[in-house]
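Below is one structure; the comments refer to it alone.
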Amino acid sequence: MTAAMPEKDPMGLLDLPLEILKMICAALCLHCQETENVGMPPGYFEHDRANRQGVISLCRVSKTLRVVAQPFLYHSVLYQWIPGDSSSIFHTIIHRPALAEWVKKLDVICDVRKCTQFPSPEEVKEINETAKQLCMLPTNGLEKERSSWFLFELLIALCPCLETVNVDIQTWPGPSMLERRKEELGQQAVTTKLKNICFHENNPLSMGFNASVVTTLLRSSPKLQHLKFAMFISTHGHSVNMFQGKSVRTLRTIHMEDCDMPDKRYSRSFLTDLITHAPNIKSFWYSCYFRSSTQVTRHMPFPRMLGFLEPLKHSLVSLDIDLTRDEDSKRAENVVNRGLLKSFTNLEKLGLDDTLFCMHRAEPTRDPTCLIEQIPLKLKLLTLRIHEDSPAWEDLTMLGKYGGWLPNLRTVVVQTITSHPVDQDPDEEGTFEVPSHVNGEHLKELFNRNGVQLRFKAPKSSYKEEGNTLV
Ligand SMILES: [Zn+2]
Ligand SMILES: [Zn+2]
């Protein structure tokens, strides 16, 4: 009886046009809402779970709504390698292949400390069969112990509309099955829609960086646009060859967030490899993470890092270097040479620490022109991180007074760096946070006269707590 009854829509939702229903679903889909679609910021999974619940509720309203809403449930999938859950998403996709076309983002997480169980014989059989169909099976088949390690590679090959892969590099021992597929199928094997790749690692006991893993994904992603590393980058002195001589011309952004490059020779060869094989990058971003071995600046002072970026001098549009968490960032050799940044002629966005541009620590009596001398003419947005006690506050005042000749500058965002711990979210804006010796209102007025909006962000701490140190 119940089944024969016409569906009734209690909320009147079904009277809405299809496009509006899709917009409602997209508003609940974290994947559709993200602008960058790369990385896993704190709270990401809690947020995703809550939104997913909303989409599930919509699916339950009516059949029509389920048809509209269900794809959004699979836009972003998580493959988590933990006992009892090692293959659930894989299993679902194998048995309902139509779902694979909905998947646009794949997050892969592995906690090696929890991986104590092996897949069941049935699971191993299923994995081997799928790998064979996808031309990914090694000649001797997959060993039981290792088969679930490669499940996410099968997922990459199974989902033709995949745009984003977020992978914990520890998950992937290599050599890879995707590589095998590439050898067998050539160009047919590539993931043509993959635009964003983020390599991260959650394991503080990390052994470092595996270049062959990066190479595999680069080789199978000819449309790659955004590459992000959030990890410890070291191979104990070995040089890298991630690109194997092939440039990725589609690559637009390289973000190295919370990265560590503790090894001198290796860090340099890593950056050279990256930049020489990505001739069209527009955006470069580097920030370092608290670690006992950080001190990136000790072996690679900022001018040296800029030296690596020299080939991109006239093409780079956005540059941000944040070394505020590096204990050595105040060393004199970190200060950029006079006017060097100005020679990056196409920069529209620039983010810098005061320790990288202010020459007053070495030359206290010079005029406060450190900033004015560096700013390229096309700059639109300047983000500055200034230490509480820094002489660079004077440089900022000078820019406010005489910055009128910069025709495109519209916004300056300033963040105070404090040596004390702070509770606030460092990305929170709008709060008025400047050291007591700085007259923030006056500064705002100075900039305003030249048509530039000055904003202050909540302070960021360079204080190194025990919890921030991974030894
Ligand atoms: Zn979505
Ligand atoms: Zn200065």
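Let me make sure I get this right: for segment 14-74, a, b and c are the square roots of the gyration tensor eigenvalues over alpha carbons, sorted descending. Under 1.5 in a/c it's rounded, otherwise prolate if a/b > b/c, else oblate. Which is it?
Values: a/c = 2.94, a/b = 1.87, b/c = 1.57.
Since a/c reaches 1.5 and a/b is larger than b/c, the shape of segment 14-74 is classed as prolate.
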Inset, instruction - Compute the length gained on full extension between Arg449 and Leu16: take 0.36 nm times their separation in residues and subtract their Cα-Cα distance, giving the result in nm to one decimal. - result: 151.0 nm
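Using the number of other C-beta atoms within 10 angstrom as an exposure proxy, rank Ser62, Ser88 with the fewest first. Walk me through the numbers on the way to the answer.
Working: Ser62 18, Ser88 13.
So the residues, fewest neighbours to most, are Ser88, Ser62.
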Inset, instruction - May I ask which residue of Asn439, Leu312, Leu396 lies farthest towards the positive end of the charge dipole of segment 310-467, with charges of +1 (Lys, Arg) and -1 (Asp, Glu) on Cβ and the Cα centre as origin? - result: Leu312
Legend entry - Residue-span extension gain [Lys223 to Ser436] - 0.36 nm each, minus C-alpha spacing: 71.7 nm
Inset, instruction - Sort Thr64, Thr365, Thr297 so the one with the fewest other Cβ atoms within 10 Å of its own Cβ comes first. - result: Thr365, Thr64, Thr297
Inset, instruction - Taking 7 Å along the Cα-to-C-beta vector as the label spot, tell me the Ser283-Gln187 distance in nanometres, rounded to one decimal. - result: 3.0
Inset, instruction - Please arrange Asp107, Asp354 by counting, for each residue, the other beta carbons lying within 10 Å of its beta carbon, fewest first. - result: Asp107, Asp354
Inset, instruction - Could you work out how far apart the two model spin labels at His91 and Glu129 are, taking each label as a point 7 Å from the Cα in the direction of the beta carbon, and quote it in nm? - result: 1.4
Inset, instruction - Report the charge-dipole magnitude of segment 14-74 in Debye, nearest 20, computed about the Cα centre from +1 at each Lys and Arg Cβ and -1 at each Asp and Glu Cβ. - result: 340
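Taken together, the values in this text are just the output of simple stated rules run on the coordinates, not laboratory data. Just so it is clear, the model here is predicted, and its values are computed rather than measured. Counting neighbours? That spans all protein chains shown, and the Cβs are built from the backbone with ideal geometry, glycine included.
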